[in-house]
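> My questions all concern the structure below.
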Amino acid sequence: MTVSAAPGPMVTEPFITMAKPVGPVCNLDCGYCYYLSRRGLFPRGERFRMRPEVLEAHIRAVIEAGPGPVVQFVWHGGEPTLAGLDLYRRVVELERRHLPEGWTCINNLQTNGTLLDDAWCAFLAENGFTVGLSLDGPARIHDAGRSDRRHRPTHGRVLEGLRRLRAHGIEPDVLCTLTARSAAAPQEVYRFFLDQGVRWLQFLPVVGRDAAGRVTPDTVPAPAMASFLIAIFDEWVRHDVGRIGVQNFLEPLLVVAGHPANLCVMAETCGRALAVEHDGGVYSCDHFVDPAHRLGSLLEEPLAGLLEAPAQVAFGRAKRDTLPSICRTCPVLRLCNGGCPKDRFVTAPGGEPGLSWLCAGYRTLYTHIVPVLERMRALAAGGHPLTAIMDVLGAEEAEERRRWRSTPRNAPCPCGSGRKYKHCCLGTRRT
């Protein structure tokens, strides 16, 4: 009989485990999903359900490995609600049993929202779960990529899940994938979320490859990603700071302010976000669930040992150590740090491997937004709220409009060209 591993040493650096209670099983069939194919790792007829002994081993391992007093659990998929509500009732029981006195835990459920009913939402609220909800914007965009297994639209069901969560006092964080399709409609997508009253939003660029290594049709081109996010940033920073938090802008603001990035995709190294499959198998990362990156099993080895295993340490450091030289001299390196290793399959100028598919987009995006983020940092350092940037930019733009309106036809053009206004920008800039 398999028994759980003996307790191991604690780790001092933060980590998370993304637990997969039903493995890659999902009730949706999203065209860009990178995880559905993980079914092929397991034998035919596999029952994709976390067994009780694996569930308890996972909870014990995470608690024993962490320094406390707050322990974080992330329940992921596939679609984790397919495990059923009873499994999560058991989760809460086991956490209470194994948590040391004075410790607390945070549970986060990442869901597509289509199976959330009042019983689910009441349980999540009663037990303090935070929720991440996948929603790709308005119906025409969402349903083009996120159909169910019968190829039916899901947008209405997700919005119903959102409504039910709010009715029980839960305001979810929203994750919106950014595809080649949605990148063409930044204002439509962004204003949809404003209209829905979303409070926290993350755009996740889709980068996929087929078996031959070619990028998939859903993959967002780097310039399109930059144009999409810049269009939204320019609206957000002028009108919506404090109304909606956009992680793609607030995380860079943290870095500009001198703090380390929370997101592994922006960090100098990675390797602190493990994937735990339904059978107890532990993998280097949610994006690297494959035989080459299987670290071991929670049923056989302490989690701390797997986190600090030489293979995992090397995996995490490779993000920094294998950067092409063009990245090492890039002015926005501190913000992207080369991006996610899964996206670094492009050959850099000069022939070096390991450049991110999104590299040019990161450079354009951060070059555009950093000057404004620096101003926000300075305002905050001076005791002002971040929302003050909207008044500052509004006043500057009002003065700019006044200057253009009041310039005589024969005066030097305000654009600085040296030509007379009437021979330069008069036809395009008088407002």
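The values are calculated or read from the model by the stated rules, or taken from the named source; none is laboratory data. Treat the numbers as computed from the prediction; the structure is a model and nothing was measured. Every residue, glycine as well, gets a Cβ built from its backbone with ideal geometry; the counts of neighbours run over all protein chains shown. What goes into the accessible areas is simple: the full protein's heavy atoms, side chains included, and nothing from ligands, DNA or RNA. Shrake-Rupley method; radii C 1.70, N 1.55, O 1.52, S 1.80 Å.
> Please tell me if Gly128 is of a type in the set (Gly, Ala, Ser), buried (at least 18 other Cβ atoms within 10 Å of the Cβ) and assigned to a loop (DSSP other than H, G, I, E, B).
no
> Given the residues Gly213, Gly156, Gly161, which is the only one that is assigned to a helix (DSSP H, G or I), in contact (Cβ under 8 Å) with a residue 12 or more places away in the chain and over 13 Å from Val131 (Cβ atoms)?
Gly156
> Now a separate question. Could you say whether any residue in region 265-282 is of a type in the set (Val, Ile, Thr) and under 16 Å from the mean Cα position of the chain (by Cα)?
Yes, the conditions are met somewhere in region 265-282.
Each row is one residue, and each column tells you yes or no for (1) touching a helix residue (DSSP H, G or I) at 6+ places or on another chain (Cβ under 7 Å); (2) crowded, with 23+ Cβ neighbours inside 10 Å; (3) not in a loop (DSSP other than H, G, I, E, B).
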position: Gly271; (1), (2), (3): yes, yes, no
position: Val282; (1), (2), (3): yes, yes, yes
position: Asp286; (1), (2), (3): no, no, no
position: Val289; (1), (2), (3): yes, yes, no
position: Ala292; (1), (2), (3): no, no, yes
position: Gly296; (1), (2), (3): yes, no, yes
position: Glu300; (1), (2), (3): no, no, no
position: Ala304; (1), (2), (3): yes, no, yes
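> Mind counting the residues in region 106-115 that are open to solvent by 10 Å² or more (accessible area, probe 1.4 Å) and in contact (Cβ under 8 Å) with a residue 40 or more places away in the chain?
Going through region 106-115 one residue at a time, the tally reaches 3.
> Name the pairs: first residue in region 249-277 and of a type in the set (Phe, Trp, Tyr), second residue open to solvent by less than 50 Å² (accessible area, probe 1.4 Å), Cβ to Cβ under 7 Å, at least 6 apart or on different chains?
Phe249/Phe233; Phe249/Trp236; Phe249/Ile369
> Does Glu251 meet the test of being open to solvent by 20 Å² or more (accessible area, probe 1.4 Å) and of a type outside the set (A, V, I, L, M, F, W, C)?
Spelling it out, it is not the case that Glu251 is open to solvent by 20 Å² or more (accessible area, probe 1.4 Å) and of a type outside the set (A, V, I, L, M, F, W, C).
> Among the listed residues Arg39, Arg49, which satisfies the condition of being at pLDDT below 95 and not hydroxyl-bearing (Ser, Thr, Tyr)?
Selected residue: Arg39, the only one of Arg39, Arg49 that is at pLDDT below 95 and not hydroxyl-bearing (Ser, Thr, Tyr).
> A further question on this structure: For the list (1) in contact with a Leu (Cβ under 6 Å, 6 or more places away or on another chain); (2) at pLDDT 95 or above; (3) part of a loop (DSSP other than H, G, I, E, B), I need the number of the one condition that His58 fails.
Status for His58: all satisfied but (3).
> Look at region 159-172 and say how many of its residues are open to solvent by 50 Å² or more (accessible area, probe 1.4 Å) and out of contact with any helix residue (DSSP H, G or I) (no Cβ under 8 Å at 6 or more places or on another chain).
3
Conditions (1) touching a helix residue (DSSP H, G or I) at 6+ places or on another chain (Cβ under 7 Å); (2) more than 22 Å from Thr177 (Cα to Cα), marked per residue:
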position	(1), (2)
Asp29	no, no
Tyr35	no, no
Phe48	no, yes
Arg60	yes, yes
Ala65	yes, yes
Val70	no, yes
Phe73	yes, yes
Pro80	no, no
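> What are the residues in region 174-210 that are among the hydrophobic types (A, V, I, L, M, F, W, C), open to solvent by 60 Å² or more (accessible area, probe 1.4 Å) and assigned to a helix (DSSP H, G or I), if any?
Matches in region 174-210: Ala184 only.
> Test each condition in (1) at pLDDT below 95; (2) assigned to a loop (DSSP other than H, G, I, E, B); (3) surrounded by 11 or more Cβ atoms within 10 Å (Cβ to Cβ) for Gly339 and report the one that comes out false.
Result: Gly339 fails condition (1) only.
> Looking at region 27-51, which of the residues that are open to solvent by less than 80 Å² (accessible area, probe 1.4 Å) and aromatic (Phe, Trp, Tyr) is farthest from Val215 (Cα to Cα)?
Phe48
> Let me ask something additional. For region 414-427, does any single residue satisfy the condition of being under 30 Å from Phe315 (Cα atoms) and open to solvent by 50 Å² or more (accessible area, probe 1.4 Å)?
no
> Follow-up. Go through region 288-302 and give me each residue that's touching a residue at least 60 places away in the same chain (Cβ under 8 Å) and within 24 Å of the chain's Cα centre (by Cα).
Scanning region 288-302 gives Val289, Asp290.
> Just checking, which of Pro24, Pro9 is modelled with pLDDT of 95 or more and not acidic (Asp, Glu)?
Criteria check complete, one pass: Pro24.
> Here is a follow-up. Yes or no: region 78-100 includes at least one residue that is open to solvent by 70 Å² or more (accessible area, probe 1.4 Å) and either within 12 Å of His278 (Cα to Cα) or among the aromatic types (Phe, Trp, Tyr) (or both).
no
> Could you tell me which numbered condition Asp218 fails, if it satisfies all but one of (1) among the acidic types (Asp, Glu); (2) out of contact with any Gly (no Cβ under 7 Å at 6 or more places or on another chain); (3) open to solvent by 10 Å² or more (accessible area, probe 1.4 Å)?
Of (1) among the acidic types (Asp, Glu); (2) out of contact with any Gly (no Cβ under 7 Å at 6 or more places or on another chain); (3) open to solvent by 10 Å² or more (accessible area, probe 1.4 Å), only one is false for Asp218: (2).
> Select from region 306-332 the residues that are in a loop (DSSP other than H, G, I, E, B) and without any contact (Cβ under 8 Å) to a residue 60 or more places away in the chain and write down the one among them that is farthest from Leu365 (Cα to Cα).
Ala309
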